[in-house]
Amino acid sequence: MSSVRTKLDSYKLLPKWVRYLSSYLNLLLCTVLLKSKVYGRKHIPKNGPYIIAINHFHIFDPALVAYAIRKPISFLAASDQNIEWQVIVAGKLYGFIPTNRQKLAPSTIKKAVQTLQDGEILGIFPEATTGPILRKPKKGVTYLSLKSRCKILPMSVLGLDKDIWSKWFKGIRPQVTVKVGKPFSISCELPSDRIKREKKLYDIGDDIMRHIAALLPPEFHGEYMNDKKI
């Protein structure tokens with residue numbers, strides 16, 4: 001598994017034109033393998049740069065995001081974990097920036113910011129890992145949105161589950177729903193005090209998660225269940 005992880009850590013984004021052509025393959029696969037419905041596509045900005053913030057319930061979530069956006073996207077993907085071969089293959093379709101969640105390297109931040117400065121789209125899963133319901137976010141999406149001053153496009157993906165492989169083998173196309181919310185901006189100055197700055201980042205992160213929660217049924221709100229700010 002270490003060799004697979006090494007490949008992910010050293011992964012470099014393919015040229016934008018290659019990822020653009022690959023997006024058609026992603027579109028074909030999602031059309032053939034899934035019954036997908038996308039709501040709120042009118043909210044998708046015509047051009048980048050912007051950040052997409054998405055819930056992370058399944059390993060194939062990025063494919064559905066790419067299916068909905070239909071433009072080249074660079075995803076931040078955790079590299080400090082056991083990586084399955086599907087993730088490496090998926091990276092060839094829509095591209096990702098390897099991210100060590102335990103020790104976020106300055107080079108990772110630089111690559112992410114540079115992607116946005118180049119006018120591209122950056123996809124982030126604030127929770128960093130997959131789970132059945134919404135969880136607390138990491139600081140990445142907040143930090144990058146403040147540093148880049150880019151808008152955030154909230155999105156939800158629902159319908160993928162752990163039985164997806166058995167369904168495909170049985171010829172069943174799972175029904176997946178993708179919802180796109182209205183883009184919003186974060187504008188604030190972070191306190192110089194470290195403790196206050198950390199709290200501010202977490203507060204902003206919670207607000208981002210509330211935008212995502214608003215696109216999901218209440219039973220998936222998890223940490224944000226009964227949150228009156230949603």
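Starting from the amide H of VAL176, placed 1.01 Å from N in the peptide plane, find each other amide H under 5 Å away whose residue is 5 or more places distant or on another chain.
Under 5 Å from the amide H of VAL176: LYS35, SER36, LYS37.
Taking the number of other C-beta atoms within 10 Å as the exposure measure, put GLU219, GLU127, GLU120, GLU198 in order starting with the fewest.
So the residues, fewest neighbours to most, are GLU219, GLU198, GLU120, GLU127.
Quote to one decimal, in nm, the extra length available between VAL32 and ASP163 on full extension: 0.36 nm per residue of separation minus the C-alpha distance between them.
Here the segment from VAL32 to ASP163 would lengthen by 45.4 nm.
Which of HIS43, HIS211 comes first, and how do the rest follow, when ranked by fewest Cβ neighbours within 10 Å?
With the fewest neighbours first, HIS43, HIS211 line up as HIS43, HIS211.
Taking 7 Å along the Cα-to-C-beta vector as the label spot, tell me the ILE59-LEU190 distance in nanometres, rounded to one decimal.
Label-label distance for ILE59 and LEU190, simple model: 3.3 nm.
No lab work stands behind these numbers, since they all come straight from the coordinates. The shown structure was predicted, so the numbers you read here are calculated from the model rather than taken from an experiment. Neighbour counts are summed over all protein chains in view; Cβ atoms, including those assigned to glycine, are modelled from backbone coordinates with ideal geometry.
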